[in-house]
Amino acid sequence: MEGQKFSVHDSITALWDKLDGWLDAIILKLPNFALAIVIMVISYFIAKGIKKFSYRVLFKKVSDDSIKQVLSKLIYAIVLLIGFFIALGVMQLDKVLTSVLAGAGVMGLAIGFALQGTLGNTVSGFMLSFQPKVRIGDFIDAQGNIGYVEEIDLRNVTLRQPDNDYVIVPNKIFAENPFTNYSWTERARISVSCGVGYEDDLQKVEDLVVKIISENFEQRENEGVEFFFTEFGDSSINFMVRFWITCQKPKPKYEAQHKAIKLIKKNFDQAGINIPFPIRTLDFGKNKLRMEPQQEQSKQDGTSEENE
């Protein structure tokens, strides 16, 4: 029984011997560990250099920037992975690597269930990169997120909004929902609405507006200026004119509307065509308030006459 008694001294000695063995192993592995770190650092810089080189030279003939970005990042990741495997080999951790790869299938299945959204964004990003419907620099509207496409990676699309704020949109929104790409077509149609007085000659108004727009905005084949009277308003007969411009971004649309409104106003003034606006008369009872002092003064004058 005495031989089975717990000895604190023996336990501490055994623990110290174990730690001492580990320390010796670490010291022996220090050169390999330092070499592995150097290999990883070199791999990092090599990966960055190859990424830039592939983007500018290897994929120079690829017209779409988004495809070049994704392929360059893929090469960057592959080079880093190769450097990591070499570093493990230098540290003589090949058995550990084999065990990790053996369990990668089970781990991949578990991670797949846990990261369904992330993996979905990654697959969607890879598809978007090779889809010509979304390109770097396009002006798009994705479920209310409006802006210029700055970057497409394997998870998100980065948009720069017109006010220069950035919004990150998950790739699944583009892959699973409709979106509007305003840069996809070269020509866009602009609408301008206005109203004229009931006393004006409507045919004269139509001819003048169509003439103004046709002379100042080029209309191509199968296009043209469209003019429609739309309603009898409270104080005017309202109309809408539609025409085409070359536009792939929002600013030219505002500029075209701005120019058309100025031209219509200027020519209406020269032609004597009225652009009416509603008038509201508000009566706060001022006349009644003014009459009361007058009535009181009249009474005073009558009293004075009677006294005379």
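Every read-out reported here was derived from the displayed coordinates using simple, explicitly stated rules and does not represent laboratory data. Computed from a predicted structure; not experimentally measured. When we count neighbours, we look across all protein chains shown, and the Cβ atoms used for this are built from the backbone with ideal geometry, even at glycine.
Sort 266-272, 196-202, 71-77 by packing, meaning the average of other beta carbons within 10 Å per residue, with the highest value first.
Output ranking for 266-272, 196-202, 71-77: 71-77, 196-202, 266-272.
Between LEU202 and GLU215, 0.36 nm times their residue separation minus their Cα-Cα distance comes to what?
2.7 nm
Would you grab the residues whose amide H sits under 5 Å from the one on TYR198? Only those 5+ places off in sequence or on another chain, please, with H modelled 1.01 Å from N.
For TYR198, whose amide H was placed from the backbone, the distant partners under 5 Å are ILE237.
Please compare each pair in LYS204/LYS262; LYS52/LYS251; LYS48/LYS251; LYS51/LYS253 to a cut-off of 29 Å on the Cα-Cα distance and tell me which ones are over it.
In this structure, LYS52/LYS251; LYS48/LYS251; LYS51/LYS253 lie more than 29 Å apart at Cα.
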